[in-house]
Structure formats: structure tokens, C-alpha cells
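Following: one structure in C-alpha cells, then a few remarks.
Taken together, the values in this text are just the output of simple stated rules run on the coordinates, not laboratory data. Here the structure is a predicted model, which means the values were calculated and not measured. As a convention, Cβ positions derive from the backbone with ideal geometry for all residues, glycine included, and neighbour counts pool all protein chains shown.
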Amino acid sequence: MHDLQELHAFAIVMEYGNLATGAQQLGVAKSTLSRRISQLEARLGQPLLRRQANRLIPTEAGLLFHDYCRQILDLAEQGQRRLDELREEVSGRVTVKVHQALARAWLARHMDAFLARHPGIRLTLGHPAAPPSGPDEDAIWVWLGPLDECGLRQETLGRLTQGLYAHPDYLRRHGTPRHPRELAGHAWVDLLGTTQAGLLLQHPHQGEYRFTPPHSRLRVDQSTLHIDAIARGQGLGVIPNWLAAGREAHHPGELSLCLPEWQPPSLAVSLLYPYGRQPRKVTALLDFLRQQVPAAWRDEAPHDGGAALTEVPPARACTGSALETKSALETQRAQRKAPKTWP
């Protein structure tokens with residue numbers, strides 16, 4: 001009888017082509033993965049892989065056996081799912097992969113309650129750098145921003161509107177922009193992958209303005225670092241209003257909302273999971289995540305073809321030639337009087 005760990009090890013190496021990446025995906029030592037492959041080859045009496053440069057290439061026997069290996073693993077997975085469905089207790093291993101902007105700000109603080117409710121759950125949390133590019137049968141994803149078709153069901157939990165933010169001291173030193181055309185004269189803090197292709201700003205009465213941010217002296221790849229840099233006075237940048245409000249709640253006076261009438265595109269918060277019937281542990285987690293969606297996200301979801309605007313706590317807004325205390329909520333309520341069409 002075949003050992004499922006050995007079969008899984010072989011399937012992972014076939015997928016990634018080397019031991020180091022395969023071991024990382026399985027969460028085991030490279031030597032452990034190598035030993036499992038050797039044990040499987042000894043059990044079968046034939047070599048399944050051969051080394052070529054820095055990759056492991058399947059032999060003819062490896063190619064033949066890989067098809068059967070996948071079938072065995074798929075059947076084992078189906079059997080486990082059916083057994084999970086028979087159990088009244090929600091238990092087992094669950095993996096959640098979440099966009100890094102939402103990991104600490106939203107998801108992490110709710111997971112304690114889920115684990116307390118279901119003591120039999122073993123939870124793994126990760127925050128990949130990119131959204132899923134293909135079907136992922138082993139994980140639930142929560143993503144912020146655009147998504148391509150990836151073979152997973154995509155459910156919109158809500159939307160986050162965005163705004164232009166800066167530290168008040170930066171604006172005192174460099175002046176407050178009155179119109180988007182003045183943004184070109186300001187330092188820009190860039191979050192990689194968000195504004196390099198340009199930024200479309202929309203005004204309820206003045207229409208659209210496409211802004212190409214200047215070359216950024218500081219580019220970061222995490223939202224936390226991005227917000228920190230803006231809060232330290234490094235320049236202006238686009239931040240989801242919900243995240244900015246959370247920052248201001250803990251560190252008041254560090255962020256000022258600039259040009260509140262000009263709105264960048266909102267970002268969808270999406271829940272991704274496999275098609276078909278799910279085991280109890282997955283449906284329990286999906287239902288739990290839906291219940292934890294902040295009201296502000298739902299308020300921002302599109303209605304009647306337009307994009308509703310979030311009701312965020314009062315923020316320091318910068319308009320005209322000086323800083324003045326102004327509620328972002330008040331501005332956004334006024335914008336509801338005019339129809340909106342987002343790109």
C-alpha cells in the first residue's frame with residue numbers, strides 16, 4: 001500500500017521542479033522531502049526523478065506514475081471530505097491566505113473567536129504577495145483589489161473607497177494641493193503595483209482627472225509600510241479610507257485627507273474558495289468571515305450602477321491654502337447627490 005505522504009511529496013516535486021520549493025510548500029525540511037521521494041522510489045523499484053542542472057526532471061516511469069499518483073491523492077481527498085461531512089464537530093486543517101493590508105487590520109483579530117468556537121480546527125494564516133493565479137483547493141483567500149479569473153468562486157464582501165493622504169507637517173512645509181494638477185509638484189509615496197499606470201480621480205461635478213504620479217523616491221510593497229511612510233511625512237499617497245481611519249484611531253493627527261472631493265477608484269474585498277460542495281470546516285469559516293465584514297465595507301458596495309461612499313470617522317481634511325478640520329463623511333454625503341460612474 002502506498003504512503004500518502006510519499007505520494008504527496010512526489011506530486012509537489014513534480015509541480016515545482018525542485019526540493020527546496022517543494023519542502024517550503026509542504027512546511028517540511030528539504031531532507032525530509034528527499035527521504036520520502038527515495039522511500040517511494042524504493043517501494044516502486046524504479047527511479048522517478050533525475051537531476052538536470054538545478055531541477056528535478058521526471059523519468060519515463062515518473063511521468064507514467066504521476067497520473068496515478070494524482071488520482072490516488074484526489075480520491076483520498078474526496079474520501080476525507082466525505083468523512084468530514086459526516087462529523088458534527090467542525091474540525092481539521094484550514095488554510096486562509098489574506099491580502100497583507102487586511103491581515104492585521106481585520107482578519108487576525110477575529111481568528112481567536114473562530115478558534116475558540118471550534119476547538120478542533122487547526123488554522124494556518126498566510127499573506128501571499130500576489131492573488132491566486134489558478135485553482136487552490138487547499139485554501140480560502142481574502143483579497144483586496146482587482147482579480148483575474150483563476151478557477152475559484154469569487155464573492156464580493158464589500159468595497160473600500162480611497163483617498164489622498166499626507167502628514168499635516170508635510171503639507172505645512174510644501175503647501176496643500178487645491179487641484180489634482182498640483183499633485184505633480186509633490187513627493188509621492190508609491191505602493192508597488194497600484195499607481196504606476198496612472199491614477200484616475202473623479203469629482204462629482206468636474207468629471208475625471210487622470211493623474212500620472214511623479215517618480216517616487218520611496219517605493220514599498222506592503223500597505224503597513226506605505227501608511228507608515230506617509231504618516232512620517234515622506235509625501236502624499238493613496239490609502240483606503242477604512243485603513244486610514246483605523247490608523248488615526250490609534251495615532252491621531254498623523255494623516256490628513258487631501259482633495260476629499262476627488263475620489264480614486266474603490267477596491268473590492270473578495271472572498272475566494274473552490275467551486276462545489278465544501279466540507280463543514282470550510283463552510284463554517286466562510287460563514288464566519290461573512291459575519292465579520294465591517295458595516296463600512298458594505299456601505300461602500302456599488303448600488304444602482306454607482307459606487308456608494310464609505311461613512312468613515314471624522315478625519316483632518318486639507319482644502320484651500322490651509323489645514324482645516326473637516327469630516328470626510330460630510331464631504332462624501334454631499335457627493336451622493338451627483339451620479340457616479342467608476343471605471
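When the charge dipole of the chain is built from unit charges on Cβ atoms (+1 for Lys and Arg, -1 for Asp and Glu) and taken about the Cα centre, the candidate among Leu64, Ile239, Ala9 whose Cα reaches farthest toward its positive end is Ile239.
Counted by Cβ distance under 11 Å from Ala61, the other residues give a net charge of -1, where Lys and Arg count +1 and Asp and Glu count -1. Charged side chains reduced to their Cβ positions (Lys and Arg at +1, Asp and Glu at -1) give the chain a dipole of some 540 debye around its Cα centre.
The convex hull defined by the C-alpha atoms of the chain has an orientation-averaged projected area of 21.0 nm².
Helix 280-291 and the long axis of the chain differ in direction by around 0°, with both axes built from C-alpha atoms.
Using alpha carbons only, how many degrees (0 to 90, rounded to 10) separate the axis of helix 60-86 from the longest principal axis of the chain? Orientation of helix 60-86: about 70 degrees from the principal axis. If the Kirkwood radius is taken over C-alpha pairs of the range 4-86, then at 37 °C and 0.692 mPa s the Stokes-Einstein diffusion coefficient equals 248 µm²/s. Size check on the range 1-158: the Cα extents along the three principal axes, sorted descending, read 52, 37, 28 Å. The Cβ shell under 13 Å around Gln5 holds other residues with a net charge of +1, Lys and Arg each +1, Asp and Glu each -1. Placing unit charges on each Cβ (+1 for Lys and Arg, -1 for Asp and Glu) gives the chain a dipole about its Cα centre, and among Tyr165, Ser223, Ala103 the Cα reaching farthest toward its positive end belongs to Tyr165.
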